[in-house]
Structure formats: structure tokens, C-alpha cells
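Structure first, then comments.
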Amino acid sequence: MRALPLLVVASVACSISAHAEVKESSADHLLIVNARTIQASPNKVYAALIDIGRWWDGEHTYSGDATNLSMQSVAGGCFCERWATQSVAHGRVIWANPGKLLRLDTALGPLQSMAVQGVMTFALKPSGDGTALQFEYRVNGSGSSGLDKLAPSIDGVLMAQLQRLQSYLETGKAQPAKP
């Protein structure tokens, strides 16, 4: 079975304008941050974020097909995956401010069964001819969660997804740039 991002170590090809970091990690929490500039307007970046099936890697879905992903850009909106007779709620939107901010309550993939709390934030600001994207993923759980051991893998997968988003916006294709 394929799992939405997390326990697979990804090789990441980040652009020069990107900086990723596991800012904090311990057994009971982690914080991953990323700052990058995307050559697209904040409104286009926001529209792409919610059109997640166009850029997310299908290898990191339960169905194996990213086109089964959808996201409703309203508070309470589902970040869902639906196929055949199955469905998964990967998270829900807790703040939607088009062109400026998208925040999700989400414990992705295997984190879902660990009963941890995750909050993912995409903050967008105009920057020259593009958008400064500030990404944060905060996860909290019990001391037995072992989040510090998972943090590098989670970071790798999420940075690969952000690279796919950037590539999709700048080239029309979600493939990561070659190093």
C-alpha cells in the first residue's frame, strides 16, 4: 500500500530560492519550515495549492493517483482523496484567505494513525514578480510518538512536494527540477 507523505525518504531537488529546515524536533513534536520564491502571483500560487491533484506526487497517496485528491478552500473544507469505494480525509482547512494564507489541520499519512496533531501553513506575500511562500508544518504528539526520528523523512517528502508545486507553477509540469 502506498502512503501519503511521510515514511519514505525522498531525494529532494530544491531550487536555489528554497531553504528547507527541520527547525525543531523531539520525541513529542517537530517543526519543518521552508521559504522560497515562486515566479507566479500570490493568487496563482493559492489557486494551485487548492488544485492539489495537479502537482502532488501520486506515489504519496493511498490510491496511487494524485488526481483523486481534492481540497475545498473554505474553513472546514476537506483535503480528501476519493477513489472507487474508498475515501480518506487527509485534513481539513482551518483558515482560507485566498492569495494570502492557507492553513490545514492535517496529520498526513502514517501520522494519522498515531493520533498526533499537525498544522500546515502556507503564507503568501508578493515578492517582486512572484510570491514569497513561507511554509510551516507543526506536529505534536505524545513522547512515545518518536517524531524526532520521523522528522527527516517527513521533511524530505514535503520538500519534494513543494518543489513539485513550484515546478508546476513555473513550467506547467509538476516534475521536480534536475539537480
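Screening Gly53 with (1) surrounded by 19 or more Cβ atoms within 10 Å (Cβ to Cβ); (2) free of Cβ contacts under 8 Å to residues at least 40 places away in the same chain; (3) assigned to a helix (DSSP H, G or I); (4) not charged (D, E, K, R) gives one miss only, at (1). Here Ala107 meets each of (1) farther than 19 Å from Ala47 by Cα; (2) surrounded by fewer than 20 Cβ atoms within 10 Å (Cβ to Cβ) with one exception, condition (2).
Of the residues making up the range 101-118, those that are closer than 16 Å to His29 by Cβ and of a type in the set (A, V, I, L, M) are Ala107, Leu108, Leu111, Met114, Ala115, Val116.
Considering the range 76-104, the residues that are closer than 29 Å to Gly130 by Cβ and out of contact with any strand residue (DSSP E or B) (no Cβ under 7 Å at 6 or more places or on another chain) include one that is surrounded by the most Cβ atoms within 10 Å (Cβ to Cβ), namely Pro98. Scanning the range 47-69 for residues that are under 16 Å from Leu102 (Cα atoms) and over 13 Å from the mean Cα position of the chain (by Cα) turns up just one, Ala47. Any residue at all in the range 139-161 that is at pLDDT 95 or above, among the basic types (Lys, Arg) and surrounded by 14 or more Cβ atoms within 10 Å (Cβ to Cβ)? No, that holds for no residue.
The number of residues in the range 16-50 being aliphatic (A, V, I, L, M) and in a strand (DSSP E or B) comes to 8. For residues in the range 35-44 being within 16 Å of Gln161 (Cα to Cα) and out of contact with any helix residue (DSSP H, G or I) (no Cβ under 6 Å at 6 or more places or on another chain), which is surrounded by the fewest Cβ atoms within 10 Å (Cβ to Cβ)? The selected residue is Ala35.
Does at least one position in the range 114-126 carry a residue that is polar (S, T, N, Q) and either buried (at least 18 other Cβ atoms within 10 Å of the Cβ) or more than 14 Å from the chain's Cα centre (by Cα) (or both)? Yes, the range 114-126 contains a residue that is polar (S, T, N, Q) and either buried (at least 18 other Cβ atoms within 10 Å of the Cβ) or more than 14 Å from the chain's Cα centre (by Cα) (or both).
Considering the range 14-30, the residues that are surrounded by 16 or more Cβ atoms within 10 Å (Cβ to Cβ) and hydrophobic (A, V, I, L, M, F, W, C) include one that is modelled with the lowest pLDDT, namely Cys14.
Do the conditions hold for Ser63, that is, is it polar (S, T, N, Q), farther than 30 Å from Pro152 by Cβ and surrounded by 15 or more Cβ atoms within 10 Å (Cβ to Cβ)? First the steps, then the outcome.
Working: polar (S, T, N, Q): yes; farther than 30 Å from Pro152 by Cβ: no; surrounded by 15 or more Cβ atoms within 10 Å (Cβ to Cβ): yes.
Answer is no for this residue.
The values are calculated or read from the model by the stated rules, or taken from the named source; none is laboratory data. Treat the numbers as computed from the prediction; the structure is a model and nothing was measured. Positions of Cβ are backbone-derived with ideal geometry, glycine not excepted, and every protein chain shown enters the neighbour counts.
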